[in-house]
Ligand code: MG
C-alpha cells in the first residue's frame, strides 16, 4: 500500500532510529480516575507497554516520552532510566514538536511517533515501518475499513464506498529533519502524516493490527487486555518477618490495636511488629524491596510514626505496579500478651487500612513453648504472607 509522490530514494538500513511516545493527554473519555496512559494493563501502566516495545527493538537508540506538563518527575521515577522525559504542550502537535526537539539525532535519521494509548506495538511492526521508509517519505500501519459506512444528511442515510479507505494507526515513521520541517508551520494536525501529505510526500502504509487499537473508551481497555494478555499474570506471593524487643512500658501495638501490657516494644516507629511483617510481605510479593528501603529507620521523620503509614504506602506502591492485595495471613509469636482476645479488632484494623473485606485477613498467634527469645519473653516476632492479584482495569 502506498500513495503520493516519492520525493527521493531513501536507505533506512544505516539510519539511527529514535522513538517519541506521546503520553501528554488527560484521556478523560477512557473513564477511571487516571489518564488512560497510566491505567494498569496486565500488571503495568498502558504507556509502559510502548516503552518496553521500543526498548526491546535493537534498532531503537533513543526513547523520548512526552508527558503532561508538571508530571515529569513522576514518570521519570516510574519508567526505564534511559527514557528521556519531556513536558507536553497544549496540543498533540505541540507535544510532538517538544519530543522532536529532544531527539539528539541528525536530520537524516529516523523518528517514530507513537501514541501511548496504543499499547499493542509488536517488534514486527517496528521493523516493517523502518523497512518501509526505504521507499517512502513516511510510513504508518493501517487497516482496511471492513464495516459498512453511511453518511447521515438530515434524516437520510447514504452509502459511502469503503474502497481505498484506511484506518491509520501509529507509530508513524519519518526522517527527523523532514517531519520537523513539515510540522514547523502546523499547530493542530489530526496526525503527523498530514504534515507530510500536505507537502505531497509519499506515504507507505504497512499492515496494521487490531492489537494496535487506541484506547479511547472504557471498554477499549478490557478488550485490549484480553488481546494482549490472553493469560493474565499469575498471582504473586510474598512473605515478611519482623522482631521487636520489649522495653519498659504499658502497652504494645499489634495491627494498629493498642493492647495493655506490662512492657512495650522498642522501635523507631510505633514498633507494630505485625504490620511491619505484613508491609514486607506486600512489598515482597511485588518485588519492590523492603520496609527499610522505603522508610529508613535512620530518617527522623519516621520516629514514632504510626505503622499504618507504612502499610498504606506499600498498598499504594503495589497498586502503581498493577497489583492489588487480595488476602493476607499473619502469625504473632509471643508468650504474652494474649493476642486472641484482640484478634478480631486486629483483623478489622488491617482490613480497613488495606481496603479489603475482613474475611480476607487472617491473624493467628502462637508461642514457642518457652524456647528462644520469644519464650524468654524478650520480645515479639511476627510473620506474614500476602497474595497479590492483577489490579482490575476500570470499566
Ligand atoms: Mg520493625
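Note on segment 341-374: residues that are in a loop (DSSP other than H, G, I, E, B) and either touching a helix residue (DSSP H, G or I) at 6+ places or on another chain (Cβ under 9 Å) or buried (at least 17 other Cβ atoms within 10 Å of the Cβ) (or both) amount to 6.
Of the residues screened, residue 287 is not one that is in the same structural domain as residue 343 (by TED's automatic domain parsing) and either crowded, with 16+ Cβ neighbours inside 10 Å or in contact with a helix residue (DSSP H, G or I) (Cβ under 9 Å, 6 or more places away or on another chain) (or both).
Being without any contact (Cβ under 8 Å) to a residue 60 or more places away in the chain, over 33 Å from the mean Cα position of the chain (by Cα) and assigned to a strand (DSSP E or B): is that true of residue 335 here? Explain how you work it out, then say what you get.
Working: without any contact (Cβ under 8 Å) to a residue 60 or more places away in the chain: yes; over 33 Å from the mean Cα position of the chain (by Cα): yes; assigned to a strand (DSSP E or B): no.
When the stated conditions are applied, residue 335 does not pass them.
Residue-wise test of (1) crowded, with 21+ Cβ neighbours inside 10 Å; (2) closer than 26 Å to residue 39 by Cβ; (3) within 16 Å of the ligand (Cβ to nearest atom); (4) more than 26 Å from the chain's Cα centre (by Cα).
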| site | (1), (2), (3), (4) |
| --- | --- |
| 220 | no, yes, no, no |
| 231 | no, yes, no, no |
| 241 | no, no, yes, yes |
| 265 | yes, no, yes, yes |
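Hey, any hits in segment 309-326 for a residue that's within 19 Å of residue 271 (Cα to Cα), in a loop (DSSP other than H, G, I, E, B), at pLDDT 95 or above and out of contact with any strand residue (DSSP E or B) (no Cβ under 7 Å at 6 or more places or on another chain)? Within segment 309-326, none of the residues are within 19 Å of residue 271 (Cα to Cα), in a loop (DSSP other than H, G, I, E, B), at pLDDT 95 or above and out of contact with any strand residue (DSSP E or B) (no Cβ under 7 Å at 6 or more places or on another chain). So is residue 311 within 13 Å of the ligand (Cβ to nearest atom), in the same structural domain as residue 344 (by TED's automatic domain parsing), more than 29 Å from residue 37 (Cα to Cα) and under 25 Å from the mean Cα position of the chain (by Cα) or not? Against the criterion (within 13 Å of the ligand (Cβ to nearest atom), in the same structural domain as residue 344 (by TED's automatic domain parsing), more than 29 Å from residue 37 (Cα to Cα) and under 25 Å from the mean Cα position of the chain (by Cα)), residue 311 does not qualify. Out of segment 99-112, which residues are assigned to a helix (DSSP H, G or I) and under 21 Å from residue 55 (Cβ atoms)? 99, 100, 102, listed by residue number.
One residue stands out among those in segment 64-100 that are surrounded by fewer than 16 Cβ atoms within 10 Å (Cβ to Cβ) and touching a strand residue (DSSP E or B) at 6+ places or on another chain (Cβ under 6 Å): the one that is modelled with the lowest pLDDT, which is 76.
Find the strands (runs of 3 or more DSSP E) located wholly in segment 121-177 whose residues include 1 or more that are crowded, with 16+ Cβ neighbours inside 10 Å, and list them. Before you say what the answer is, go through the steps one by one.
Details: elements: 138-144, 149-153, 156-160, 166-168, 172-175.
The strands (runs of 3 or more DSSP E) meeting that bar are 138-144, 166-168, 172-175.
I'm trying to understand the selection: among the residues of segment 295-306, which are assigned to a helix (DSSP H, G or I) and within 14 Å of the ligand (Cβ to nearest atom)?
Of all residues in segment 295-306, those assigned to a helix (DSSP H, G or I) come to 300-302.
Once the filter is applied, which keeps residues that are assigned to a helix (DSSP H, G or I) and within 14 Å of the ligand (Cβ to nearest atom), segment 295-306 yields only 302.
If you go through segment 276-294 and keep only what is within 13 Å of the ligand (Cβ to nearest atom) and not in a helix (DSSP H, G or I), you end up with just 290.
The values are calculated or read from the model by the stated rules, or taken from the named source; none is laboratory data. None of the values given here were measured: they were computed from a predicted structure. A quick note on method: Cβ atoms are made from the backbone with ideal geometry, for glycine too, and the neighbour counts reach across all protein chains shown.
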